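Only the coordinates and a few stated rules stand behind these numbers; no lab work does. Quantities reported herein were computed from a predicted structural model and do not represent experimental measurements. All Cβ positions, even for glycine, are placed from backbone atoms using ideal geometry, and neighbour counts span all protein chains on display.
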Amino acid sequence: EFDRTHESTLNLRQFGGDLSLVEALAAASPNDLPDVVIATEQATRTLLDSSLFMQPDECDPALAAAVLPLARATYTVQGNLVALPFGVSVPVLIYDMAEFREAGLDPVAPPLTLDALLDASAAIQQSGASPYGWVLPDSCGNLVLEQYSAQRGSLVSSSDNGRNGGLAVVDFATPTNIADLTEIREGVVSGHVKYIGANSSNFDDLADIVAPTDGATMAIHTSAAVGDILELLESGNWPGVELGGGPLPGPGEGSLSGGNALWMLDSCDSERVGRTLSALKWLYEPQQLARLAAATGYVPATGAAATEQVLLDRWAQYPQLKVAYDQVVSTPVSDATAGLVMGPSNDRAFVLYDVCTKIMADGEDVKATLQDASRLMNDLLVQYDALQSGAPLPNQPQVSGPSSSAGTALPPGDVE
């Protein structure tokens, strides 16, 4: 649609995730760098440290003026908005209301705390409504160590969660983290929580909700999947399943904001920057953000988009789609709820996955596992800081060589 209404055209290049994107950027020649990069919030520190990108307020202060406060805080480092929040998402509870009803639970009153979630999980299994109550992938490290810290208003690391400069230091082995992970493991051991490990397809947990045998009733999953789920149900898949949606259960209100943001290349070419800015302004019009949210389950990035009729109608038709927006606007904004900013983002993810597997699948001691994870994460932070300061440590992987994802330079008038 942009191509039909503008002189410039949009060209898309797909990467296999943040790591592939960062490797391709490092390997690309200046002429081959894309005008706009879409990346998750976990890549913030790495992309910022690359010095390849302009900040939204440098381009047009009005562009991000109406961004929702939590989304703005998520991409604010040292007081500056470094990227433009676009596909804003949060973890929500997704469940089958029909199985809630069969288990004697109120289908429109989902559990709001971890205790209530585990109680509901046990009740579902005991009732025979489903073999398991809650299906749990290896994201429980992020759930407890990061999301629950945000709900409590607690920092995960020193240096204001890494947002104000200086070396960040983490300590995962807190009494509350130990208690929460121990409680979840008791649900796994007792048999009503189904631990599936790696969520390889990114929807293995959702597939378990509709599995004809050996399935579960509840999953904590990104809100960005709700639109896809509704489309599948509207098409007649899985008759009898009734989609329920609730806020993230935990020790407090709200959550961290995830999803992705738009990063604008600092090309030092005024014409190229102008074309790119025209594309971003169009993507950021309230009606475009509202259409994105209505179709996908992403939260509209601005308050103005949340008043568009296309989205209001969709929310009225499917209240499950509005759960994420309500969660975002109810989250108190602080460094704690803005989340952790750190350089080795992919390593961070694998450390947290490993924590979950060691505790839930291998039965390792919770406190010792969290202490080991803290030491490993702090070592990674020191290594990243050394690399950024120009003093590479021995035996550290270096990005080099051409990338198969790198394309060719764009013709004049295009935006990539």
So which lysines pass the test for Lys281, namely a Cα distance under 26 Å, with those fewer than 8 places away in the same chain ruled out? Lys322
How do the peptides 342-349, 130-137 rank, highest first, by the average count of neighbouring beta carbon atoms within 10 Å per residue? 130-137, 342-349
Once you sort the root eigenvalues of the Cα gyration tensor of region 190-340 as a ≥ b ≥ c, which label holds: rounded (a/c under 1.5), prolate (a/b larger than b/c) or oblate (the other case)? prolate
Please work out whether region 267-349 counts as rounded, prolate or oblate from its C-alpha gyration tensor, where a ≥ b ≥ c are the square roots of the eigenvalues and a/c under 1.5 means rounded, while otherwise a/b larger than b/c means prolate and anything else oblate? oblate
Starting from the Cα-Cα distance between Gln371 and Glu183, subtract it from 0.36 nm times their residue separation and give me the gain in nm to one decimal. 65.9 nm
Net length gained if the chain between Glu253 and Gln309 were fully extended (0.36 nm per residue, minus Cα distance): 17.4 nm
Could you give the length gained by full extension between Asn31 and Trp238, i.e. 0.36 nm per residue of separation minus their alpha carbon distance, to one decimal place? 69.6 nm
Per the chain, cysteines lacking a partner by the 4.7 Å Cβ criterion: Cys59, Cys268
GNM result for the chain, Cα springs below 10 Å: residue of Ala71, Ala338, Ala24 fluctuating most strongly: Ala24
Give the distance, in whole Å, between the Cα centre of region 341-389 and the Cα centre of region 285-332. 34 Å
Looking at the chain, what % of its DSSP beta bridges pair antiparallel, to the nearest 5? 80 percent
Just want the answer: with Cβ charges of +1 for Lys and Arg and -1 for Asp and Glu, which residue in Thr217, Pro247, Gly259 is farthest toward the dipole's positive end in region 215-273? Thr217
Collect residues whose amide H, placed 1.01 Å from N in the peptide plane, falls under 5 Å from the amide H of Asn260; neighbours closer than 5 in sequence don't count. Phe86, Gly87, Val88, Ser89
If the cut-off is a Cα-Cα distance under 29 Å, which lysines reach Lys358, setting aside same-chain residues fewer than 8 apart in sequence? Lys194, Lys367
Whole angstrom only: what separates the Cα centroid of region 181-229 from the Cα centroid of region 109-140? 10 Å
In debye, nearest 20, what is the charge dipole magnitude of the chain about its Cα centre with +1 on Lys and Arg Cβ and -1 on Asp and Glu Cβ, if you could check? 360 debye
Structure-based [θ]222 nm, the chain - -39500 (n - 2.57) summed over DSSP H runs of at least 4, per residue, nearest 500: -12000 deg cm²/dmol
Tail weight of P(r) past 41 Å, computed on alpha-carbon pairs of the chain, percent: 16 percent
Candidates Arg375, Arg13, Arg275, ranked by Gaussian network fluctuation over the chain, Cα under 10 Å, top entry: Arg13
